[in-house]
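The next block holds one structure in the form of structure tokens; read it before the comments.
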Amino acid sequence: FFFFFFFFFFFLAMLPTISKLTLLAMCIGGIAVGLWCYVRDDPAWDTLVEVGGSKFRMRRTVNGVIEFWGHHELDVFRGLGYAHARDRAVQMFFTRTIAQGRLSEIVDGSDEMLKVDTFMREQGFARTARAVANELTPVVAARLNAYCDGVNTYMAANHRPLELIMIGLDPVVEPWTPVDVLLITQLMGFVGLAETQIDLERLLIQSVQSGVPLSALQKLFPPHLDAVDPAIVHLLQKVAPVHFFPPEVAMMPALPTFKASNNWVVSGQHTKSGKPLMAMDPHLEVSRLPAVWYEVLYHSDPLANNSIAGISVPGIPAVIMGRRHDVAFSLTYGFMDMADFFVEEIRNGSAVRDTGNVAFTAREETILRKNGSPATVTFFESGYEILEAPSNKGSVLQDGFYLGRCYSGFRG
């Protein structure tokens, strides 16, 4: 401490007055935030939490992991929601805001944020989540509502997270709902998975449009393009230029980027203990802060030894990978065919088909912009298909050839 203060005040004396005041303010602020975090995240924190009429014990282990004890199933969901809100409220807030396409409204009205919002609105994540929420079974709805009760109980008592205050944001943090849970789930299934397939196929289309010979592409991607009809290549050259996954979206720090994953099991016949080993290895950035995953330990029925330790995703009420006392469970992100492109010839707002023309309807959305005028964007869709057409050219669809994109998670 002596050497720290000696060099601190020596360095302070060398600075001009304004710099001294700035440095002092930063130090005082840092100390205050550090003390606040220490008090808030005291390793000895152990308390009785009340959510939705249920009371259960919750504590933080010496390793910083939240552990809690519930009396029945819904307590588990309430406790997980409370823990997520306590430790990852900012992460949940930004992930939801991105998926809703509301960054321009709440965070920053810049052109970069508008591109992100336009992309998210085009995918229709929020609309699909609302539709799915209306189809939930009573059991699933009860679990999601219990989780949301846990999130909202903590947020009601703690209001805005300190991190939002420090960066000058003063948004109204809306209650967490089952729609938000489904929204985050939609985003997790798209970013890095379906998005990777879509962009790879767009790359092939753009290569064709740029004049790369089909034979060269077949050598690069054997055997996937061996059966491609040259007539399709000729048709793709007529299509309006394709657009890729916006780099502004790809660089969003709140969004996970799944590139691949694997897991494996070793039989107890090959281990020293005689018990099996299981490895769970989703490929995610180790440098991400906050982490995509959130470790948790809970006990829903101590008498039945019903405890689970594992990792969850803030905003979603589930332990995705982990173990009980008698079984371990995991998953792997396997790439599958989740999207398809079609070449559509549009005449008078309809796609020309052999079985009869199919009309594409215009969906207009207004994106509010912080400290700026709202922007109106238009998307053209039919059922499960959306056209890759400019979104800022109004509600009239010009005649021509377009790419139509179908994604298994999209609902028109």
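The values are calculated or read from the model by the stated rules, or taken from the named source; none is laboratory data. The shown structure was predicted, so the numbers you read here are calculated from the model rather than taken from an experiment. Neighbour counts are summed over all protein chains in view; Cβ atoms, including those assigned to glycine, are modelled from backbone coordinates with ideal geometry. Ligands, DNA and RNA are excluded from the accessible area calculation, which covers all protein heavy atoms including side chains. Shrake-Rupley method; radii C 1.70, N 1.55, O 1.52, S 1.80 Å.
Hey, for a label at residue 237 modelled as a point 7 Å past Cα toward Cβ, could you say which residues of the range 200-219 have their backbone N under 12 Å away?
Inside the label zone: 208-214.
Taking the highest mean first, how do the peptides 198-205, 267-274, 143-150 order by number of other beta carbon atoms within 10 angstrom per residue? Display every interim value, and only then the final one.
Numbers: 198-205: 16.8, 267-274: 8.9, 143-150: 23.2.
In decreasing order of mean packing, 198-205, 267-274, 143-150 become 143-150, 198-205, 267-274.
Need the C-alpha centroid separation for the range 364-412 versus the range 73-93, integer Å.
Taking the Cα centre of each part, the range 364-412 and the range 73-93 sit 34 Å apart.
Using 0.36 nm times the number of residues separating residue 203 and residue 307, minus their current alpha carbon distance, what extension gain do you get? Please report the intermediate quantities before stating the final value.
Values: separation 104, 0.36 × 104 = 37.44 nm, distance 4.68 nm.
So the extension gain works out to 32.8 nm.
Please work out how much length the chain gains when fully extended from residue 112 to residue 376, using 0.36 nm per residue of separation minus the C-alpha to C-alpha distance, in nm with one decimal.
Details: separation 264, 0.36 × 264 = 95.04 nm, distance 1.55 nm.
Extra length available between residue 112 and residue 376 comes to 93.5 nm.
Which residues' amide hydrogens lie under 5 Å from the amide hydrogen of residue 301, considering only partners 5 or more residues apart or on another chain, with H built in the peptide plane?
Those lying under 5 Å, H to H, from residue 301 are 306.
Show me, for the range 130-143, the HN-Hα J-couplings you get by feeding each phi into the Karplus relation (A = 6.51, B = -1.76, C = 1.60, θ = phi - 60°), rounded to Hz, glycine and proline as x.
Those phi angles translate into 5, 5, 5, 4, 6, 10, 5, 6, x, 5, 5, 4, 5, 5 Hz.
Could you please state how large a percent of the accessible area of the range 268-385 is carbon and sulfur, counting protein chains only and using a 1.4 Å probe?
Carbon with sulfur: 53 percent of the solvent-accessible area.
With θ set to phi - 60°, apply the Karplus curve 6.51 cos²θ - 1.76 cosθ + 1.60 along the range 90-101 and write out the HN-Hα couplings as whole Hz, x wherever there is a Gly or Pro.
In residue order, the calculated couplings are 5, 4, 5, 4, 6, 4, 5, 4, 5, 5, 6, x Hz.
Return the loop-located GluC sites (Glu not before Pro) in the range 356-412 (DSSP other than H, G, I, E, B) with at most 13 other Cβ atoms within 10 Å of their own Cβ; answer none if there are none. Walk me through the numbers on the way to the answer.
Values: sites: 364, 365, 381, 385, 388; in loops: 388.
Counting only loop positions with at most 13 other Cβ atoms within 10 Å, none of the GluC sites (Glu not before Pro) in the range 356-412 qualifies.
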